[in-house]
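Readers should treat all values here as calculations from the given coordinates under stated rules, not as data from a laboratory. What you see is a predicted model; the values in this text were computed from it and never measured. Virtual Cβ from ideal backbone geometry, glycine too; neighbours counted across all protein chains shown.
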Amino acid sequence: MLKFLKLSVFALLLFSCNKKQDEFVLTKTHPNLILTTKSVADIKSKLGTVPVFDETLKKSKEEVDLAISKGIEVPAPKDMAGGYTHTQHKLNYANMQKAGVLFQLLGDEKYAIFIKDMLFAYAKLFPTFDRHPVIRSYARGKFFWQCLNDSNWLVFTSQAYDCIYDWLSKEETAYLNKNLFRPYADFLSVKNPKYFNRVHNHSTWGNVAVGMIGLVMDDEELINRSLYGLDKKDVDLNEKDNDGGFIYDKDGKAGFLANVDSPFSPDGFYTEGPYYQRYAMYPFLIFAEALQNKKPELKIFEYKNGVLIKAVNALLNLTDADGEFFPLNDGQKGMSYFTPSLISAVDIAYYYGNQDPRLLSVAKKQGDVQLDATGLKVALALKEGKEKPFIKESMELSDGANGDEGGIGILRFNNEEETLALVFKYAAQGLSHGHYDKLSFSLYENGDEVLQDYGLSRFVNVEQKNGGGYLKENKTYAKHTIAHNTVVQNETSHFNYDFATGSKYHPEKYLFDISNPNFQIASAKEQNAYPGTEMHRTMIMVKDEDLQKPFIIDISKIKSNQKNQYDFPYHYFGQIISTSFAYQTPNVLKPLGDKYGYNHVWNEGLGVANSESIQFTWLDKRRFYTITSATNKNDEIIFARSGANDSKFNLRKDPSIIIRKKNTQNTVYASIIESHGTYDPVKEVAANAYSNFTKIEVLLDTEKYTAVKFYFKQQKEKTIILSNLNNEGNLQHTLNINGKNYSWKGAYYYK
């Protein structure tokens, strides 16, 4: 009976069309990009029987019907991101794309008419002005303030155009091709070579926009331009853009294929970081689907050993327990795999990959599918209950085109609903969206940030905040080293905050071993962030049999050719509960420094360790956390908070604790980080509010070995020894420390 009711509802939906599907006869070759004549017929035969697909189609119909009722609106461009004209043009391309799908699947001509009228309005407006009036971008667009958004428009609109191409008369398509689409493709490419011939997510959108419309129009010149970039004779190879990107990749290539080759590692990690990988996955995969449908001989999903499918898996693993992407490099917090670009990516990866049933569980949570063959396949599989949980495991993702430019190490603990995730960053610069934070890390518990990466300084599409664009504080604070959980030398950011220098170098992985789930270790070295200084950081997630939750061992060995000041910040959230050291708070707040991000950090309190081990406990989201750190007695402890010199309140007011070592040449920072208790505000009860540890000390630090010992409250102690120069797993080590002999095989000792 329920199935009959669902069919009846969908029958009404079909009968509501103004023109029956059988009156529209597909006699030619379109659509042939995302939808195809074959997939349309297959989808139509199953409408009303596939719940997730039907519900997505219903929502799209409601949205487009509302847009049609409001009428065609194509305003002259005026605003930056978030403004009225910008938002209207975004709505237009999104609604056109959906209308094209509705026309093909429901056969109602009103959707084709809506697209046609919109396109002719754009064709009339297009030649009336040269570029967008807001002069803010290195590549100003037509209908938008930057070519990037114009490329968004063309990627989506190409799909709509494909869906009505054979419905339009030859005269109409000839007019649109000549007066709108070919000029638009030329504008985004030959008239903007700095934008188009570049390795960057911007250029990926540009390449795909030109390629998609080229596929619709069967324009081989545009298709080749998209795949391989502009001819070198048309581009100034020495020209750089304002954003720090570069023309051509390291091998002198450009175009879509170069943007697959260069930024993606063999593991599918995208060097700009997960926030921009999420953004770029839509053009990467939607164009790949179009190429697979129209030019299967390219075997695009096999390109670079199937890296585009691998990239979806990598991206899903770069999320916390709530599906939100880790904000590495420029990344807005809160962005998650519920974004439409990931709905498309998951469906396409499932269809063209190996039908990984774990992807279905993500699709089920997303609740929508792409309205094409890939979405139908996912919806059918969900109907049949084929999904399996997508459990995020510990893993390493290499960076660099060949996987040899460092990477990201993710250490995880999963215990039913309790999760812990440590994200250790030893990756390359990340192109223009990269931050200066070598060997930094962040820590998550149950999807909540414990020790944070600041992310970007931007209110995306909020017009009041710099037109929705990046705020100046992104370059004066968020990208700087002090905004991250890693060592800062002499109050100067890594690579002296110089993009060209940072792009030359990357950390080197030293060790990554997750074979023992109770002792997971990641270690990497950085030798170029500060000339004459080597940083070697090792992070370990330990699940001890006597403790409910794992704890983190954090050891940073610093070796330099001169004495320096070292600052080691931990960026936390919540309220300070207790400290083992005395401190004073100032009567007048002053910034910590005058540049490299220090100018945006308030000095809220200052203490001296006065001990060989200190403890700092705080409460956040009803959980207690403690950092236990080995110190020298004269180490300074600074309580800091972002927000200084921020007259427009663009920065969050986030706290941090900084361990400062002055006039020091070689040193070791060693800490235990733990989550150990909870607070119930209803019962007003604190459970396990005190640390499980009493102290931590550095036993030995030489060129070859670093040894650290820590003590539990339960009268238990552990020693860890790291081999600093040799990471071979079968090498035998023997060492005497304070009269005690230690013998072990491999890169580390723990007992």
Between the Cα axis of helix 274-294 and the main Cα principal axis of the chain, the angle (0 to 90°, nearest 10) is 30
Rounded to whole angstrom, the alpha-carbon centroid of segment 204-226 lies from that of segment 676-699 at a distance of 59
Among 61/116; 364/465; 58/90; 59/364; 191/253, the pairs whose Cα-Cα distance exceeds 28 Å are 364/465
Karplus ³J(HN,Hα) for segment 422-432 (6.51 cos²θ - 1.76 cosθ + 1.60, θ = phi - 60°; Hz, whole; x = Gly/Pro) runs 10, 10, 9, 9, 10, 9, 6, 4, x, 6, 5
For the chain the mean separation of alpha carbon contacts under 8 Å (6+ apart) over residue count, i.e. relative contact order in percent, is 8
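Run the numbers on segment 263-392 and let me know its relative contact order in percent, using alpha-carbon pairs under 8 Å that are six or more apart. Walk me through the numbers on the way to the answer.
On the way: 180 pairs, mean separation 30.4, N = 130.
Across segment 263-392, relative contact order equals 23 percent.
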Rounded to the nearest 10, the angle in degrees between the Cα long axis of helix 201-217 and the longest principal axis of the Cα atoms of the chain comes to 20
Everything considered on the Cα gyration tensor (a ≥ b ≥ c; rounded for a/c under 1.5, else prolate if a/b is larger than b/c, else oblate), segment 72-152 must be described as prolate
Once both label points are put 7 Å beyond Cα along the C-beta direction, the residue 446-residue 73 separation in nm becomes 4.3
Whole-Å distance linking the alpha carbon centroid of segment 570-593 with that of segment 56-72 is 53
So, relative contact order of segment 398-682 in percent, Cα under 8 Å, 6 or more apart, is 16
Honestly segment 401-526 on the Cα gyration tensor test (a ≥ b ≥ c root eigenvalues; a/c under 1.5 rounded, otherwise a/b vs b/c for prolate or oblate) is just oblate
Cα-based Rg/(2.2 N^0.38 Å) for segment 263-392, rounded to two decimals, is 0.99
Interchain or sequence-distant (5+) residues whose placed amide H lies within less than 5 Å of the amide H of residue 450 are 443, 444, 445
Cross-link reach from residue 110 to aspartates and glutamates, straight Cα distance under 13 Å and at least 8 residues apart if same chain, gives 65
In degrees, nearest 10, the alpha-carbon axis of helix 340-352 is tilted away from the dominant principal axis of the alpha carbons of the chain by 80
If 196, 512, 581 are placed from fewest to most neighbouring beta carbons inside 10 Å, the sequence is 581, 512, 196
Quotient of Cα radius of gyration and Kirkwood radius for the chain, i.e. Rg/Rh, equals 1.01
Gyration tensor on Cα atoms of segment 398-682, a ≥ b ≥ c root eigenvalues, a/c under 1.5 rounded, else prolate if a/b beats b/c, else oblate, says rounded
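How big is the Cα convex hull of segment 38-217 in projection, averaged over all directions, in nm²? Before the final figure, lay out each step's value.
On the way: hull surface 42.8 nm².
Result: a mean projected hull area of 10.7 nm².
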Given backbone amide H placed at 1.01 Å from N, residues whose amide H is under 5 Å from that of residue 654, ignoring those fewer than 5 places away on the same chain, are 642
Here the gain from full extension of residue 170 to residue 680, 0.36 nm per residue of separation minus their alpha-carbon distance, amounts to 176.5 nm
